[in-house]
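A short reminder: the numbers here are calculations on the coordinates, not readings from a lab. Predicted, not measured: the structure shown is a model, and the values here were computed from it. Here the Cβ positions follow ideal geometry from the backbone for every residue, glycine too, while neighbour counts run over all protein chains shown.
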Amino acid sequence: MPEEDDAELRKILERKKAEYVAQALPGTGLQGSGEQLVAELNDSTFDSYISSHRAVVVDFWAPWCAPCFLISPIIDDLAAQHRKIAFARVNADESPETASKYYVMSLPTVMFFLDGQEVDRVVGAVPEDVLEERVQWLESRL
């Protein structure tokens, strides 16, 4: 029974995420454009992505993490607004090496990279203005 509950919870969270993303994108004119603003990374693609972009914001998340679904549409919105910065997502469950390498102990964790080096991080579900301030700081360094 617990496995069935977990599967049902995952389905609900995925549906809610899709709803939040759909709500976040209409004002940007990007809905249905097919353009991926937030890259999906894993253990094998993470390092090359970070090194190939000057400034990167990375959202570490997991499908079971309800607060992660609160941060997800914020990250999507910031990616649409700040095109000079690369945005990415890492499923910490599917990429344990990367999560461990960067000491990701709690989810969500949003990390900020400049020239391949971590320069800041935010742990937990925080208001959009907290992330916006960090993104603006990162963008000011470009």
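Quick notes
- Boolean, THR98 is within 18 Å of ASP77 (Cα to Cα) and hydroxyl-bearing (Ser, Thr, Tyr): no
- Sole residue being under 24 Å from GLU139 (Cα atoms), of a type in the set (Val, Ile, Thr), touching a residue at least 24 places away in the same chain (Cβ under 8 Å) and part of a loop (DSSP other than H, G, I, E, B), chosen from VAL104, VAL58, VAL110: VAL104
- In the range 107-119, residue nearest to LEU70 (Cα to Cα) [restricted to those that are in contact with a helix residue (DSSP H, G or I) (Cβ under 8 Å, 6 or more places away or on another chain) and surrounded by 14 or more Cβ atoms within 10 Å (Cβ to Cβ)]: PRO108
- Residue in the range 28-37 that is out of contact with any helix residue (DSSP H, G or I) (no Cβ under 6 Å at 6 or more places or on another chain) and either among the aromatic types (Phe, Trp, Tyr) or assigned to a helix (DSSP H, G or I) (or both) present: no
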